[in-house]
Structure formats: C-alpha cells, structure tokens
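Participant: What follows is a single structure, and I will ask about it in a moment.
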Amino acid sequence: MVKVELRKFNIVDYFRFLLLTLNKDYSRELDNTFFGYIFKGIKSLFLKKKYYKFAILVDDKFAGSIALYYNKDTNYELGFIVLRKYRNKGIATEASKKILDFGFNKLKLKKIIAITDISNKTSQRVLRKLGFKIIKENKKEKEFIWEKRK
Ligand SMILES: CC(C)(COP(=O)(O)OP(=O)(O)OC[C@H]1O[C@@H](n2cnc3c(N)ncnc32)[C@H](O)[C@@H]1OP(=O)(O)O)[C@@H](O)C(=O)NCCC(=O)NCCS
C-alpha cells in the first residue's frame, strides 16, 4: 500500500506545473495555460486565505496537486490532478479524503463543490467514491456541478 500525503504547494511545485503546461499530454487537462498559471500564481499571493493548494506526495514523491479554491459564485471548489504514471491507484481519492477533512474540520466549511466536464468519467468516479452528488448540469458548458455537505 502506498503512502499518500499532502504538503503545502511550494515554488518548486509551481514551476513543475508551468512545465506541464508545455507538455501536450497534460496541457489540455490543466485548467490553465502557461501564462494563465503565471497570472493565477501572482493572484494567489493576494488571495492567500482563500486558496488552499497542496502537493500530493506518494511515498514522498511529487505525484500531483489538489486544492480548495474560493470563488464567490461556487464557494469552495475542489480541484485535483495526478501525474499519469500514478493514475488509477486510488491516489486522487486518498488525497481528496485528506483535503475534505481539512475543509470540513479545519476550515469549518458546510459544503464543498466540484465541477467536471460531462465527458470526464474518471473524475466523476472519484467524486462519487467520495460521496459527492450532482446538483446541476450546465449544458452550455457541458459540465456537472457536484456538491458534498458535511
Ligand atoms: C481525475 C484524476 C485526478 C483521477 O486520479 P486517480 O488517482 O487516477 O483517481 P483514483 O485512482 O482515486 O480513482 C479513479 C477511478 O476512476 C476509474 N476510472 C478510470 N478511468 C475511467 C473511465 N474511463 N471511466 C470510468 N471510470 C474510470 C478508476 O477505475 C477508479 O475507480 P475505482 O477505484 O472504482 O476502480 C486523474 O485522472 C487526472 O489527473 N486527470 C486529469 C485532470 C482532471 O481531470 N482533473 C479533474 C478536473 S475536475
């Protein structure tokens, strides 16, 4: 059984992500472009209290990232990405359990939402395993809005 841990996202992780935007296997899976990440990185410096981002470590090695982002429309939103070689081993599920515990018990959130493309079956499977429910389908954006309450 592998050991899954979260640690605070650091500047080295940030540059890892910038590089991933240039890798065509990952660029379409990421929620931002190279310049988008630069902008987001700078913005996050000013949003520290409402942006909780962690590196996922598997047996002490960097394996992806997971975050709770504050957004005034959706409140706290869960997002995750796992490097390809670590996928389908339960890593996103384990990492999510940890960040949900942090969100519900440390931040005292009442609900956490997630957004998936309608075509992203893997992500949907992870959310179902965690007990999220679909609360809305956004046909225009081709996405589902999910929610989990404490
Ligand atoms: C989504 C993602 C984070 C999942 O990470 P992971 O560590 O592989 O997830 P887990 O191993 O915990 O769970 C994956 C589940 O999806 C299932 N799965 C994999 N491919 C699937 C598919 N095509 N259709 C349905 N289920 C699928 C796996 O079997 C597993 O379920 P199981 O435990 O019941 O067998 C990873 O695929 C990823 O980084 N994708 C790109 C980024 C992304 O889409 N992020 C989410 C944006 S909302």
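Participant: Mind checking which residues of segment 100-136 are away from the ligand (no atom under 12 Å from the Cβ) and among the β-branched types (Val, Ile, Thr)?
Facilitator: Passing the criteria: Ile112, Ile134, Ile135.
Participant: Between a residue in segment 101-124 that is under 23 Å from Tyr86 (Cα atoms) and any residue that is among the aromatic types (Phe, Trp, Tyr) and not in a strand (DSSP E or B), which pairs come within a Cβ distance under 9 Å, given they are 6 or more apart or on different chains?
Facilitator: Hits for this filter: Ala114/Phe132; Gln124/Phe132.
Participant: Right, here's the next one. For segment 11-27, what are the residues that are surrounded by 13 or more Cβ atoms within 10 Å (Cβ to Cβ) and not in a helix (DSSP H, G or I)?
Facilitator: Of everything in segment 11-27, just one residue is surrounded by 13 or more Cβ atoms within 10 Å (Cβ to Cβ) and not in a helix (DSSP H, G or I), namely Thr21.
Participant: Moving on to the next point. If you take the residues in segment 58-95 that are among the acidic types (Asp, Glu), touching a residue at least 24 places away in the same chain (Cβ under 8 Å) and more than 8 Å from the ligand (Cβ to nearest atom), which one is surrounded by the most Cβ atoms within 10 Å (Cβ to Cβ)?
Facilitator: Glu77
Participant: For Ala55, state whether it is among the small types (Gly, Ala, Ser), surrounded by fewer than 20 Cβ atoms within 10 Å (Cβ to Cβ) and more than 8 Å from the ligand (Cβ to nearest atom).
Facilitator: no
Participant: So, one more: Name the strands (runs of 3 or more DSSP E) wholly within segment 107-150 that hold at least 3 residues that are surrounded by 17 or more Cβ atoms within 10 Å (Cβ to Cβ)?
Facilitator: Hits in segment 107-150: 111-117, 143-149.
Values in this text are rule-based calculations from the coordinates and carry no lab data. No experiment lies behind these values; they were computed from the predicted model shown. Positions of Cβ are generated from backbone atoms using ideal geometry, with glycine treated the same way; all protein chains shown enter the neighbour counts.
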